[in-house]
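Here the structure is laid out as structure tokens; the discussion comes afterwards.
The values are calculated or read from the model by the stated rules, or taken from the named source; none is laboratory data. The shown structure was predicted, so the numbers you read here are calculated from the model rather than taken from an experiment. Cβ placement follows ideal geometry from the backbone for every residue including glycine, while neighbour counts extend to all protein chains displayed. Each accessible area value is taken on the protein alone, full model and side chains, heavy atoms only, with ligands, DNA and RNA left out. Shrake-Rupley method; radii C 1.70, N 1.55, O 1.52, S 1.80 Å.
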Amino acid sequence: WGTLKELEADISSLEESLLKEEQFVETFVGGGEETSDIVTLNVSGTIMATQRATLQVIEDSVLAQQFDNTKWTEQSNRPNVMEWTPDEVAQWVKGINDVPEEVSQLFIENEIRGSELFALDKEGLKMLGVKRVGTICLLSDAICALKREANKDAVTLIEHSPYCFGKILDYLRLKRLHSINLLAEKPALPSFSEDKRAMFETVVRYYFPGESSKLILNERKSAPPSGFSFGGVELYPPSNGFGRPSPLQAQGPRPIFGQPPAAPAPSFASSFAFGIDPRGAVFD
């Protein structure tokens, strides 16, 4: 009986794991989202695709604002003519000014779909049964205008480095998976080539201004002085002839404006080097 209970627990655990894996795959490839929420980006000639929710992970960012509900609705309302049915084609024909309504019935009778509509020229319209020259010209002009509209680049243009933006996008994907518990560990900050540091930081600060940039950038602390410390006193390398301190020139604390600089306190090593006992005695 105990073994049966253990088997049931193992099966439940496996089912839960499989469900999580399925959710992970659907989320990663976009299968769990509406098609209208898949964003295609043209990053300086490189095409990238992701979910709109990924671009909105960091709420205060420029990306989140660019793809918020209001603006994205405006972008996604473009009709997909290539998928029109004959009824939808006929409905479009009815909306063309000065084209008789009965002409739209010809498109239904001949089962003209959206993809076929773009292939129709004046000769094809005659073959459909459109007889009046004026009507043929109106239809031809309307089809050409619709084709130009449909062929407009529907993707969002990102005029930044594909290398840098791709790094940011990969991080946002992992961050979103972590936020919906499909990734156990918090994702590490993006890594990049040192020679692209300045460009990467510029792109990050453009899309993530102010404090939000710290969520992506790993701010490095300033490097220590180029010298070394001995007995609590900083010592610098030899002078190079351009005003740099000499090897044993001690750099004490900077004086407050209006006050003379304070002399550095002698260390044990420097005191013995000059024959002075740090306790105040002089020896030979």
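Looking at the stretch 57-71 only, could you name the residues that are closer than 15 Å to residue 41 by Cα and small (Gly, Ala, Ser)?
Selection gives 64 alone.
Return only the number of the condition from (1) of a type in the set (Ser, Thr, Tyr); (2) touching a strand residue (DSSP E or B) at 6+ places or on another chain (Cβ under 9 Å); (3) at pLDDT below 90 that residue 54 does not satisfy.
Going through the list (1) of a type in the set (Ser, Thr, Tyr); (2) touching a strand residue (DSSP E or B) at 6+ places or on another chain (Cβ under 9 Å); (3) at pLDDT below 90, residue 54 breaks only (3).
Okay, residues lined up against (1) open to solvent by 50 Å² or more (accessible area, probe 1.4 Å); (2) part of a helix (DSSP H, G or I); (3) farther than 25 Å from residue 37 by Cα:
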site	(1), (2), (3)
147	yes, yes, no
157	yes, no, no
181	yes, no, no
189	yes, no, yes
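Test each condition in (1) open to solvent by 20 Å² or more (accessible area, probe 1.4 Å); (2) farther than 30 Å from residue 158 by Cβ; (3) not in a helix (DSSP H, G or I) for residue 60 and report the one that comes out false.
It is condition (2) that residue 60 fails.
Counting only residues that are of a type in the set (S, T, N, Q) and either within 13 Å of residue 156 (Cβ to Cβ) or exposed (fewer than 13 other Cβ atoms within 10 Å of the Cβ) (or both), which one in the stretch 9-45 is modelled with the lowest pLDDT?
Residue satisfying both the conditions and the ranking: 35.
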